[in-house]
There are 4 protein chains.
Amino acid sequence: MTDRQTSAEAHAHHGYITDKDKYLNRLKRIEGQARGIHKMIDDEKYCIDILTQVSAMTSALEAVALGLLEDHLRHCVVDAAKVGGAEADAKITEASQAIARLVR
Amino acid sequence: MTDRQTSAEAHAHHGYITDKDKYLNRLKRIEGQARGIHKMIDDEKYCIDILTQVSAMTSALEAVALGLLEDHLRHCVVDAAKVGGAEADAKITEASQAIARLVR
Amino acid sequence: MTDRQTSAEAHAHHGYITDKDKYLNRLKRIEGQARGIHKMIDDEKYCIDILTQVSAMTSALEAVALGLLEDHLRHCVVDAAKVGGAEADAKITEASQAIARLVR
Amino acid sequence: MTDRQTSAEAHAHHGYITDKDKYLNRLKRIEGQARGIHKMIDDEKYCIDILTQVSAMTSALEAVALGLLEDHLRHCVVDAAKVGGAEADAKITEASQAIARLVR
């Protein structure tokens, strides 16, 4: 998988790096949400209240995914597009599959 | 909020109780997934690989939500339906709003 | 499939009947949206503008699904819950599967 | 909106053009699905059966959206990336917003 090796070698340019702390904080908060929902279930809270928290956590995860995806398009994909050819094509296919996993 | 107080008083009958351990284990795993994604970002892993893990975590959360919702329908909503009248109506409205939050 | 036959016999009570005209109008509008998107593609409009219309059409379909589902819970499921036993259980399972198809 | 005008002028290069007939056929089928659901409601078919058809139609629409988006990334966005600068940035922002509308 040359593509991925290239990416690994060039990992200093991964798009989200500039906002790394923002993403790390968001994941910390999401981990806290998981712990909060665990506690709600352990305390036998009302199902609908738990579902509300699950929806909030899902939205937080979606926001992370959309942010990472935009950063990926703006950096890795744009860089590959400049190179063009098979590498650009492979990056678009890969990004499109990631988008399909998010949508479905 | 008479409805919710009734629910609180009757919390021993919350539908998910029979599977409480299953849900607690799932939430522990989801918390672990959040920690794993945090580490991937900290280690500056490839964006697409992180997105794959975010999608897996979102699916795990959706499965929890669908399970809780089915339990809720099978117990709280069925019980309210037997009583009928305004309480049944309120439970259906509440469940429908929770479903809408999951779908959108 | 006794369950479904029962439902067929009792179809005068299908929950959405009271709002039948509303749903018929919505489907007419959705059909018009499909025709509009067909024309945009035929006219080679800008991809992002087409995607915006596809998203609007998806939202309209989701609203129909959520409305039908709420009507179904309020009528068919509540009626089955009053009967109780296996019929109620089967209706909840069936509704939960429909919800899962909407969420995923 | 210079961006969009540029796109309009260059519309012969819109990415989906190569598959125009495929998209036109899909939209025709989706229009037929809308008509079928309209008829099911008019005939007062069982709610769950209608919901199954609505889910199938939503999946068909999502497949169109994902196809259009991939074509858009592969052509318009890659072309803009080669130009670089503000136009590339604007295209990525625009595509990311379209993706967010699909995901939410």
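The values are calculated or read from the model by the stated rules, or taken from the named source; none is laboratory data. Keep in mind that what you see is a predicted model, and the values were worked out from it rather than measured. In this analysis, Cβ positions are derived from the backbone assuming ideal geometry, glycine residues included, and neighbour counts consider all displayed protein chains. The protein model used for the area step is the full one, side chains on, heavy atoms only, and it has no ligands, DNA or RNA in it. Shrake-Rupley method; radii C 1.70, N 1.55, O 1.52, S 1.80 Å.
Considering only alpha-carbon pairs that sit under 8 angstrom and 6 or more positions apart, the relative contact order computed for the range D:18-103 is 23 percent. Within straight-line reach of A:LYS22, meaning a Cα separation under 30 Å, sit the following lysines at least 8 residues removed in sequence or on another chain: A:LYS39, A:LYS82, A:LYS91, B:LYS28, B:LYS39, B:LYS45, D:LYS82, D:LYS91. For the range B:26-46, the residues whose amide N sits under 12 Å from a probe point set 7 Å from the Cα of B:GLN53 along the beta carbon direction are B:32-46.
Sorted from longest to shortest, the spans of the Cα atoms of the range D:18-103 along the three principal axes equal 56, 26, 13 Å.
Ballpark to the nearest 100 Å², how much total accessible area do A and B bury together, probe 1.4 Å?
On the way: alone 7850 and 7840 Å², together 11270 Å².
The A and B chains share an interface burying roughly 4400 Å².
Distances between copies at D:ARG29, taken between label points 7 Å from Cα along the C-beta direction, are 2.7, 3.4, 4.1 nm in increasing order. The two copies A and D are related by a rotation, and the chain A beta carbon nearest its axis, with distance in whole angstrom, is A:ALA81, 2.
The alpha-carbon of D:LYS20 sits under 13 angstrom from the alpha-carbons of these aspartates and glutamates, leaving out residues fewer than 8 places away in its chain: C:ASP42, C:ASP43, C:GLU44, D:ASP71. Seen through its C-alpha gyration tensor, with square-root eigenvalues sorted a ≥ b ≥ c, the range C:63-104 comes out oblate because a/c lies at 1.5 or above while a/b is not bigger than b/c. Take D:THR93, move 7 Å from Cα toward the beta carbon, and the resulting point lies 3.2, 4.2, 5.3 nm from the same point in each other copy, nearest first.
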